[in-house]
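Following: one structure in structure tokens, then a few remarks.
No value in this document is a laboratory result; all are computed from the given coordinates. Only a predicted model underlies this, so the values are computations on that prediction, with no experimental measurement involved. Positions of Cβ are backbone-derived with ideal geometry, glycine not excepted, and every protein chain shown enters the neighbour counts.
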Amino acid sequence: MLQYIETTGKNEEEAINAALRKLGLDRDEVSVEVLERAKSGFLGIGGSPAKVKVTYEVPDEPAPKATEPKVEEPKAETIQAEAPKAQPVKEEAPAAPVSQPKTEPDTQAAESAPAGDRAEAITTFLTGLMAHMGVSAAPRIAMGEDGSYKVTLEGENLGALIGRRGETLDAIQQLTSYSVNRGQSKRVRIHVDAEGYRAKREESLERLARKVAGKVVKYRRNVTLEPMNAYERHVIHTALQDYPDVTTYSTGTEPNRRTIVAYSKGEHRN
């Protein structure tokens, strides 16, 4: 399910950072709505801070039905991988019945794995998911400096795992994160990549961000980008966080949420 908090700051970026500190989350794990832009008063009098609404996802934990064996309840993880339109932030957990019994042991093993066995749980879940999708790919896992799990799917002709603009890859990452973190007291971040797609996409988005920011400063006019998922919006925010005279924020609802690159009238952000 989705929850949110509202925070304030002297500008939009400080208000967002205040919320992230409270939640202990990163920018790409939340959605941000600017409720009020910061206003400067006359001679420092009468100004008002920026106010933002930060929405984040808390996995649902449905109680097991008394009439069904507990081990039969979580059956939904692998079926959604075939839908490339899945978005990275979703309020409801996958709920379609599994029609491939061979993948059930993999999914259930991942969901019940203790925190110390996250890498094994990731490997087990993704191995079963790849088999269900009929793709010959194996996960290779490395730890990031921030404690996240960097997963690379290795194999040949993995374009089907990436999908249009990475939508299938995002769905796989979301399913893996949901499965491995479900029932755990501490969530871990999981990044899934294939054929270096993430790095290539980041470079493309960073070039776009700088190009748009240049136009915003030159013409002193805000620019609204095309709809992007949370990961892509995070790349834009990060690329422009120190760009002079420019600020960024997101508006709208998934899957049509957009990032706005705005002229900040000389207000530099920290």
*List every residue whose amide H lies under 5 Å from the amide H of V246, counting only residues 5 or more places away in sequence or on a different chain, with H placed 1.01 Å from N in the peptide plane.*
S264
*asked:* Taking loop as defined by DSSP and a crowding limit of 11 other beta carbons within 10 Å, which trypsin sites (Lys or Arg not before Pro) in segment 180-270 fit?
replied: K186, R220, R221, K265
*Taking segment 156-203, which GluC sites (Glu not before Pro) meet the DSSP loop condition and have no more than 16 other C-beta atoms within 10 Å?*
E156
*In whole Å and largest first, what semi-axes does the C-alpha gyration tensor of segment 148-270 yield when each eigenvalue is scaled by 5 and square-rooted?*
31, 17, 13
*Structure shown: which of K211/K265; K10/K211; K22/K215; K10/K186; K10/K53 lie over 24 Å apart, alpha-carbon to alpha-carbon?*
K10/K211; K22/K215; K10/K186
_From the phi angles alone, apply the Karplus equation (6.51, -1.76, 1.60; θ = phi - 60°) to segment 121-126 and give each ³J(HN,Hα) in whole Hz, x where the residue is Gly or Pro._
5, 4, 4, 5, 5, 5
*Scan around Y149 for amide H atoms under 5 Å from its own, H built in the peptide plane at 1.01 Å from N, and keep only partners 5 or more places away or cross-chain.*
G144, R189, I190, H191
*Report, by chain and number, residues whose modeled amide H sits under 5 Å from the one on N11, excluding near sequence neighbours (fewer than 5 apart, same chain).*
A50
